[in-house]
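This report concerns only the one structure given below.
The values are calculated or read from the model by the stated rules, or taken from the named source; none is laboratory data. Bear in mind the structure is a predicted one, so any value in this text is a computation, not a measurement. We place every Cβ from the backbone using ideal geometry, glycine too, and count neighbours over all the protein chains shown.
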Amino acid sequence: MSAEICELNGQPRAAILRLFDWDDASREAVAQWKYDGVEPKSALGSFEPLAEFADRVRWLYYPDVGSSAGLEKLKAVRRITFGDELPQPAFDLRQLPGLEVVQCEDASGLDKRHLNHPRLRYLDLEGLKAADLAFLSEARALAAMRLRRCALTGLKGSGTLNGLKELRLLGAKKLEDVSGLGEAGNLEIVEIGEAKKLRDINAIHSLGKLRYLFVEADQASQADLSWIGTMPRLECAGLWLETRQVDWTILAQHPRLYDIMLGTHAGFELPDDDTLVPLLQSHGRRVLKVTRFPKALRPSIRIEFVPPADLVDAKPLHVYQTRLLANPNVD
């Protein structure tokens, strides 16, 4: 058997055509079978066999060939997914003229220069070795990034990514400086997790188009919440950091913010529900739930309002809240 279909679970489901060898049977499979992606195994040697059917190959899944010959001929490829072992020698992804999506489970060996692609729209990488985002100077179409356990210490270069709307940095333990975000004014989603070295998040306060904000930075501190009033689109926020002063009327008056987790500072006295809820509802909003976290590093509270009536899909911060609250001091 030189070809088979493998079903990938997930949302949505996907069919991957695995090519173990190149013969009449596998050629017929590429030409006639229905599939979403193609997984070329090492026996193919290179991408040259697929060139004949370049218009049918839109997704390269875990390519395992030893040569990148023919890669530039696959003009219809929009997506490439690598596993935890990158092919050697490395493929220059800029050879794929229509590439929009790059996913990699272990990008520690990925040449970051190969990601500087003008058509790229989405990056999902783990372990990338890059100190900042300046290497993406030509990736002007980039709309979303999810970088996990990467070596980023700063976000220089993010301001040139004018189309960037979503930035998720998970396991950002080396991140020290987010000042570069101040120029990324089109961001709608910012998520920064485990930023143990980050102390200043003021640059984020200028992102007026944010709808979702999550920052987990135990060493960071902010003066107050006045900046929330300059973010009229903000819907959900998780602020696992120190806030020195809290004006509850800012939350009561916000037109869209319906779910916020807020950390204060050691010694801060959170008002009881009998005092707090009427204050939060003093401007016509209705509070659904107030949750307090006695095991958190500092006095913390989560406030959930009735979501805005025009919200298409209300999704409060379930995943991160669940993980952090189960073990708030997790390393």
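Checked against (1) within 12 Å of the chain's Cα centre (by Cα); (2) surrounded by fewer than 16 Cβ atoms within 10 Å (Cβ to Cβ), Leu164 passes all but condition (2). Under the condition of being surrounded by 16 or more Cβ atoms within 10 Å (Cβ to Cβ) and under 15 Å from Leu147 (Cβ atoms), which residue from segment 90-111 is farthest from the chain's Cα centre (by Cα)? So the residue we want is Leu110.
When Asp218 is tested against (1) out of contact with any Phe, Trp or Tyr (no Cβ under 9 Å at 6 or more places or on another chain); (2) surrounded by 16 or more Cβ atoms within 10 Å (Cβ to Cβ), just one condition goes unmet, and that condition is (1). Which ones in segment 165-178 are modelled with pLDDT under 95 and outside any strand (DSSP E or B)? If the condition is that a residue be modelled with pLDDT under 95 and outside any strand (DSSP E or B), then Lys165 is the only one that fits.
Every condition in (1) farther than 26 Å from Leu120 by Cβ; (2) in a loop (DSSP other than H, G, I, E, B) is met by Asp55 except one, and the failing one is (1). Figure legend. Inter-residue proximity from segment 157-183: first residues touching a residue at least 40 places away in the same chain (Cβ under 8 Å), second residues surrounded by fewer than 17 Cβ atoms within 10 Å (Cβ to Cβ) and of a type in the set (Asp, Glu), beta-carbon distance below 6 Å, spacing 6+ or different chains. No pairs are indicated.
When the criteria are applied in full, Ile250 fails the requirement of being over 30 Å from Asn186 (Cβ atoms) and either touching a residue at least 12 places away in the same chain (Cβ under 8 Å) or surrounded by fewer than 18 Cβ atoms within 10 Å (Cβ to Cβ) (or both).
Taken together, the residues in segment 141-169 that are touching a strand residue (DSSP E or B) at 6+ places or on another chain (Cβ under 6 Å) and under 11 Å from Gly180 (Cβ atoms) amount to 2.
Could you count how many residues in segment 65-77 are buried (at least 17 other Cβ atoms within 10 Å of the Cβ) and either part of a loop (DSSP other than H, G, I, E, B) or hydroxyl-bearing (Ser, Thr, Tyr) (or both)?
Number satisfying all stated conditions: 5.
Of the residues making up segment 183-209, just one is part of a helix (DSSP H, G or I), crowded, with 17+ Cβ neighbours inside 10 Å and among the small types (Gly, Ala, Ser), namely Ala203. Is it the case that some residue within segment 14-22 is crowded, with 19+ Cβ neighbours inside 10 Å, over 14 Å from Asp64 (Cα atoms) and more than 31 Å from the chain's Cα centre (by Cα)? No, segment 14-22 contains no residue that is crowded, with 19+ Cβ neighbours inside 10 Å, over 14 Å from Asp64 (Cα atoms) and more than 31 Å from the chain's Cα centre (by Cα). Among the residues making up segment 220-254, a single one is basic (Lys, Arg) and either touching a Leu at 6+ places or on another chain (Cβ under 7 Å) or outside any loop (DSSP other than H, G, I, E, B) (or both): Arg233.
Scanning segment 255-275 for residues that are among the hydroxyl-bearing types (Ser, Thr, Tyr) and either assigned to a strand (DSSP E or B) or closer than 26 Å to Leu198 by Cα (or both) yields one hit, Thr264. Residue by residue through segment 254-289, note down the ones that are buried (at least 16 other Cβ atoms within 10 Å of the Cβ), closer than 25 Å to Leu210 by Cα and not aromatic (Phe, Trp, Tyr). Within segment 254-289, His254, Arg256, Leu257, Asp259, Ile260, Met261, Leu262, Gly263, Thr264, Leu280, Arg285, Val287 meet the criteria.
For segment 175-182, the criterion of being in contact with a helix residue (DSSP H, G or I) (Cβ under 9 Å, 6 or more places away or on another chain), under 20 Å from Leu123 (Cβ atoms), surrounded by 22 or more Cβ atoms within 10 Å (Cβ to Cβ) and not acidic (Asp, Glu) is satisfied by at least one residue. Scanning segment 1-52 for residues that are part of a strand (DSSP E or B), β-branched (Val, Ile, Thr) and under 19 Å from Ala76 (Cα atoms) returns Ile16, Val38.
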